Structures are given as C-alpha cells and as structure tokens.
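A.B. asks: Please find one structure pasted underneath; my questions will follow.
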Amino acid sequence: VAQLVDSGGDLVRPGGSLRLSCVDSGRIFDDYAMAWFRQAPGKEREGVAIIDVNGITQYLDSVKGRFTISKDNRKKTLYLQMDSLKPEDSAMYYCAAGPFSSRVWRGYADYWGQGTQVTVSS
C-alpha cells in the first residue's frame, strides 16, 4: 500500500484550472512537511510548492500567484490548486512528505506519491 496517493491530473486548456490531491495512507499527517514536485520529459525535477507543519508556504517563482498549496489535517489530504495554467506547467506532478521542510524542499523526502499527469494544451 502506497504511503501517498496523488490524483487529479488531467488534460486542460491554457488558462484553465485543476486541483491535485494527495492522501496520506498511514503516517501522522500533521507532523510532516508536504510538497509538490513536477518533472517534464527531458527536464530536471523541480519543487513547485511546500507547506510546513506550521502552515508556512513556499512556491516556485514561476507559479506564484497562480498556484496555492493547502492541506486538510482531518482528511489527511494535501492539495494543489492550479489556476491560469500554461503549457509550460505540463508535467508529471508528485506529492512528497518528510519531517523536515528544508530537506523535503531539496528533494530528500521520506515518501512520494506515484505521480499524476498534468497536460496543458489547446
């Protein structure tokens, strides 16, 4: 059983919106920093957004003002609301979690989702 299960990716037209979800299946959700990463074919993986245990958030510069990371501790679910989507946002998106936000943001996460594909195209 996967620790994190992410979902919500789809084909969407430029300017559209999507909301990605990531469900924690086993660990103490509110004790972990959680983040979204993405990777497009032929490109390096990059951190998109992160939220720490205190609710402090950080975003990739190119998505600021368009994406919002949040979590619902009761539902043990992480979200990424993506608005004003652009073709360059197309990628496989992965959620990630770990006890230390600085390490998670650098890619050293204890748990990863399986990935959900976001494609922005007309």
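The values are calculated or read from the model by the stated rules, or taken from the named source; none is laboratory data. Remember, it's a predicted structure, so these values are computed and weren't measured experimentally. Please note: Cβ atoms are built from the backbone with ideal geometry, for glycine as well, and neighbour counts cover all protein chains shown. Heads up: the accessible areas ignore ligands, DNA and RNA and are worked out on the full protein's heavy atoms, side chains in. Shrake-Rupley method; radii C 1.70, N 1.55, O 1.52, S 1.80 Å.
A.B. asks: Search the stretch 49-61 for residues that are over 16 Å from T77 (Cα atoms) and pair each with any residue that is open to solvent by 30 Å² or more (accessible area, probe 1.4 Å) and assigned to a strand (DSSP E or B) when their beta-carbon atoms are under 8 Å apart and the residues are at least 6 apart or on different chains.
C.D. replies: L60/E46
A.B. asks: Now, a different point. Specify which of the listed residues (D52, D61) is more than 21 Å from G26 (Cα to Cα) and acidic (D, E).
C.D. replies: On the way: D52 fails: more than 21 Å from G26 (Cα to Cα).
Within the list D52, D61, the selection yields D61.
A.B. asks: Could you say which residue among S84, S70 is open to solvent by 40 Å² or more (accessible area, probe 1.4 Å), modelled with pLDDT of 95 or more, in contact with a Gly (Cβ under 8 Å, 6 or more places away or on another chain) and of a type outside the set (A, V, I, L, M)? Break it down stepwise before answering.
C.D. replies: On the way: S70 fails: in contact with a Gly (Cβ under 8 Å, 6 or more places away or on another chain).
Selected residue: S84, the only one of S84, S70 that is open to solvent by 40 Å² or more (accessible area, probe 1.4 Å), modelled with pLDDT of 95 or more, in contact with a Gly (Cβ under 8 Å, 6 or more places away or on another chain) and of a type outside the set (A, V, I, L, M).
A.B. asks: I want to confirm something. Restricting to the stretch 27-48 and keeping residues that are in a loop (DSSP other than H, G, I, E, B) and open to solvent by 60 Å² or more (accessible area, probe 1.4 Å), which single residue is nearest to N73 (Cα to Cα)?
C.D. replies: I28
A.B. asks: Still on this model: Condition check: surrounded by 18 or more Cβ atoms within 10 Å (Cβ to Cβ), out of contact with any Ser or Thr (no Cβ under 7 Å at 6 or more places or on another chain) and not basic (K, R). Does V118 satisfy that?
C.D. replies: Details: surrounded by 18 or more Cβ atoms within 10 Å (Cβ to Cβ): yes; out of contact with any Ser or Thr (no Cβ under 7 Å at 6 or more places or on another chain): no; not basic (K, R): yes.
Against the criterion (surrounded by 18 or more Cβ atoms within 10 Å (Cβ to Cβ), out of contact with any Ser or Thr (no Cβ under 7 Å at 6 or more places or on another chain) and not basic (K, R)), V118 does not qualify.
A.B. asks: Here is a follow-up. Pairs, please: C-beta under 7 Å, at least 6 apart or cross-chain, first residue part of a strand (DSSP E or B) and in the stretch 84-96, second open to solvent by less than 30 Å² (accessible area, probe 1.4 Å) and polar (S, T, N, Q)?
C.D. replies: So the pair list comes out as Y93/T116.
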